[in-house]
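Report on the structure given below.
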Amino acid sequence: MFSGGVINLQRIIQPTTGEAANVVVPQLGHLLKLDPYLAPYEDEIRRRYYVFQKLLKQLETEEQGIDIFTSAYKRFGIQVNRQTNEINITEWAPGAKAMYIHGDFNNWREKQYPFTRDQWGVWRVTIPPLLDGSTTIKHGQAVKLLIETPDGQLVTRLCPWSRYVQKVEKANVYHGVYYDPPVDQIYQFKYSQPKKRDRLKIYEAHVGISSSEETIATYENFRLNVIPRIIKQGYNTIQLMAIMEHPYYASFGYQVTSFYAPSSRYGTPEELKALIDEAHKHGLTVLLDLVHSHSCKNVEDGLNMFDGTAGCFFHDNARGHHSLWDSRCFNYMEREVMRFLLSNIRYWLEEFKFDGFRFDGVSSMLYHSHGINHSFSGTYDEYFGLATDTDSFNYLQLANYVSQTLFPQSITIAEEVSGMPTLCRPLAEGGAGFDYRLAMAIPDVWIKLLKEKKDEEWHMGNISWILTNRRWSENNIAYAESHDQALVGDKTISHWLFDDQIYTHMSIFAERTSVIERGLALHKMIRLLTYGLGGEGWLNFEGNEFGHPEWLDFPRAGNNESYKYARRLFHLSVDETLRYKYLNEWDRAMNSLEEEYQWLSAKDIFISRRIEADKIIVFERGQRGLLFIFNFHERKSFDDYRIGCGHNGKYKIVLSSDAKSFDGPDRINEKQIFSAENIMWDERQFSFQ
């Protein structure tokens, strides 16, 4: 029973049918060979590629190429001329009638420094140095733009290119901070970035909750205390959430207002750089959770209504509003929006040395419905019909082109649930160019089983089908649960399994009830089965690896602004008197085993047994004789059970959830050797008992 182991153009002119049909997609033939179902949609793939290539050509001829275009963060916003100490400020606000800058540096005098406007709606001003030759605006001073809207109002706005913003004391809005620290305070990177890797083992983390204290944790805390834990657990990649500045802490970082500013609630940009450098010191890849799918609708400290109009960065109609997220949607084909976002990609990769991105909300971007009330059937007409927002698809192609061309070692992951074909295929094939997509259907399956089905109703065929139901030509990141399940209002796997006993019976001295017995077994088995079968990468949200007993609830009005549940109790995983240590050790052992056998990079998976009566799943993965065996039966264990295998020879147990070291019942002799016989079984040439 219950055991498992291993063995500036507003729009691009759309091409005519003839133009699209004639465009050459270098490797389209290879794509169609991989997925013959794409053949009827060849013209649409060509059309998307045509627009992508046309955009690149326009940027080459009109903007001096992608390199100059994406360096805009060095020209826009507040920039200082190091030779003269003049300050040059450049902003795009096509709807504004006038623009000024004011702040601490001039005692907030409103119209002392007026901007001038060019024909493209770009505003500029130069502020001369002081008489002593120093810059007029000093590091750390608060600054804001003052904009005259089309109807004549004077409104304050933050610079969209701000690199540091802070919350005003006793207020809910942020103000811009001129960030130009002295040279001796600028962090100097010491360690080289890791090469692009496969077999990602991702530790998804949120800096602010990465402490047991009832407060907002810091970049420095993460560097000193969390990175060593990640290394010990055997992960090779960190995915940092909620870095881009977001006024509402409880948004989990997904309501971004300042796209160039690392969140000041955790510390300074230099401390974030030190965190990333520390990770690189130990060979870890660091990914940023990048939010380009939408923008917070805040006005005074966000991008919304920046120039006094509903457009500017966004569509100025219903298309520019996300009804479910209550946010604004970018107009990706507007030249200055494209400049802003593509430069943002380069900024994080170049200035902070992130190694890539998890692109948030890709499904929302790809469909005009944003996926709201959209049940995806998997038919290809859904992917290549009028429901698809091809502007967004072309933007994602450009985004991946920037990453791959300027930073060839970077990695991109799409948070995408619809299964859009070609999303993770190379640009040369007409794909969007992502390296991976998140296997978002898997966590829903596990939660549905735990919530709605009795153990005897679990269907081995359905489980294994869901775990392998992916486009084999496109890499997936598998996970049993993520931050979504940890949030208040939902329940993690450990909460579904242990229920109230997670608070009363996790001590090794407490009664080992049937609930605890079942929970320990299934927590380990669910994670290993997903890890082994579900994708080409693995992801875990911090704390879930040891069955964190508390949900995640950020301070808000509904909980009296409490930080009690906005934290991670890492100490529980190393407490010798608690069972969490066994789940934590199982997590480490899984990562260690994958590092040894490298199954995540193996495409050859053979599921030889998924027997409903016995509740058994058996599969092989890779060329190193690794055999996974799971018994999900709620009552039965089996003796002399025959298992088919693809390799002749002797087999030994390399990981067992039944082992005492993982708080298992210790029913299996881990030292026994299994000799394969020349007996065909379950369509495998050999077998053993």
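The values are calculated or read from the model by the stated rules, or taken from the named source; none is laboratory data. Predicted model, so just to flag it, every value in this text is computed and none were measured. Quick reminder, even Gly has a Cβ in these numbers, built from the backbone with ideal geometry, and neighbours come from all protein chains shown. Please note that ligands, DNA and RNA were not included when accessible areas were found on the heavy atoms of the full protein model with its side chains. Shrake-Rupley method; radii C 1.70, N 1.55, O 1.52, S 1.80 Å.
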Quick one: 3J(HN,Hα) in Hz for region 509-518, Karplus 6.51/-1.76/1.60 with θ = phi - 60°, rounded, Gly and Pro as x. 8, 7, 4, 8, 6, 5, 5, 5, 4, 5
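Given a 1.4 angstrom probe, I'd like the percentage of the accessible area of region 602-688 that is carbon and sulfur, rounded to a whole number. Please list the in-between numbers first.
Numbers: 2180 of 4630 Å².
The nonpolar share, carbon plus sulfur, comes to 47 percent.
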Note: residue 673 to residue 641 extended length (0.36 nm per residue) minus current alpha-carbon separation gives 10.1 nm
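Show me the trypsin sites (Lys or Arg not before Pro) within region 596-663 that DSSP assigns to loop and that have at most 15 other Cβ atoms within 10 Å of their Cβ.
603, 624, 635, 636, 642
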Note, region 126-134: 3J(HN,Hα) by Karplus (6.51, -1.76, 1.60, θ = phi - 60°), whole Hz, Gly/Pro = x, goes 10, 9, x, x, 6, 4, 7, x, 7
Only one of the values (i) 29.3; (ii) 46.1; (iii) 27.1 was calculated from this structure for Kirkwood radius over Cα pairs in Å; name its label. (iii)
Post the alpha-carbon centroid distance, region 372-414 to region 425-490, in whole angstrom. 18 Å
Using packing as a proxy for protection, rank 27-39, 274-286, 372-384 so that the peptide with the highest average count of other Cβ atoms within 10 Å comes first. 274-286, 27-39, 372-384
The pairs in 74/353; 201/232; 201/581; 74/196 lying past 18 Å Cα-Cα in this model are 201/581; 74/196
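Please label the shape of region 59-98 as rounded, prolate or oblate, based on the square roots a ≥ b ≥ c of the eigenvalues of the alpha-carbon gyration tensor (a/c under 1.5 means rounded; beyond that, a/b larger than b/c means prolate, else oblate). Working shown, then result.
Details: a/c = 3.07, a/b = 1.17, b/c = 2.62.
Here region 59-98 falls in the oblate category.
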Tell me which trypsin sites (Lys or Arg not before Pro) from region 406-456 have a DSSP coil assignment and no more than 14 other beta carbons within 10 Å of their own. 453, 454
Net dipole in debye of the chain [+1 Lys, Arg Cβ; -1 Asp, Glu Cβ; about Cα centre; nearest 20]: 780 debye
Treat every Asp and Glu Cβ in region 374-492 as -1 and every Lys and Arg Cβ as +1, leave all other atoms uncharged, and give the resulting dipole magnitude about the Cα centre to the nearest 20 debye. 220 debye
Inter-part distance where region 591-606 and region 542-574 are each reduced to a Cα centre, Å: 32 Å
Which is farthest toward the positive dipole end of the chain among 173, 230, 467, measuring Cα position about the Cα centre, with Cβ charges +1 (Lys, Arg) and -1 (Asp, Glu)? 230
At residue 39 and residue 299, where each label point lies 7 Å from the Cα along Cα→Cβ, what is the point-to-point distance in nanometres? 5.6 nm
Å² per residue, accessible surface of region 588-689 at 1.4 Å: 52 Å²
Sort 184-192, 114-122 by the packing proxy (mean of other Cβ within 10 Å over each peptide's residues), most packed first. 114-122, 184-192
Got the relative contact order for region 530-689 handy, in percent, Cα pairs under 8 Å and 6 or more residues apart? 16 percent
Taking a probe of 1.4 angstrom, what is the accessible area of residue 662 in Å², to the nearest 10? 20 Å²
If the cut-off is 14 Å between C-alpha atoms, which aspartates and glutamates fall inside it for residue 281, apart from same-chain ones fewer than 8 positions away? 355
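For a protection proxy built on the mean count of beta-carbon atoms within 10 angstrom, sort 201-210, 131-140, 80-89 highest first, please.
Working: 201-210: 24.8, 131-140: 13.0, 80-89: 14.7.
Final packing ranking: 201-210, 80-89, 131-140.
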What lysines could a cross-link reach from residue 671, if we take a straight Cα to Cα line under 18 Å and drop same-chain neighbours fewer than 8 places away? 650, 652, 660
Suppose the chain between residue 58 and residue 512 were pulled fully straight at 0.36 nm per residue; how much longer would it get relative to their current alpha carbon spacing? 156.7 nm
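Report the relative contact order of region 380-516, percent, no decimals, based on alpha-carbon pairs under 8 angstrom and at least 6 residues apart.
Working: 138 pairs, mean separation 25.2, N = 137.
About 18 percent, as a whole number.
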State the percent of C-alpha pairs, over all pairs in region 88-197, separated by a distance greater than 24 angstrom. 36 percent
Positive end of the charge dipole of the chain (Lys, Arg +1 and Asp, Glu -1 on Cβ, about the Cα centre): tell me which of 557, 399, 308 has its Cα farthest that way. 399
Divide by every residue of the chain the summed helix terms, -39500 (n - 2.57) for each DSSP H run of at least 4, and state the resulting mean residue ellipticity at 222 nm, rounded to the nearest 500 deg cm²/dmol. -7500 deg cm²/dmol
Rel. contact order, % - alpha carbon contacts under 8 angstrom, at least six apart, region 602-688: 24 percent
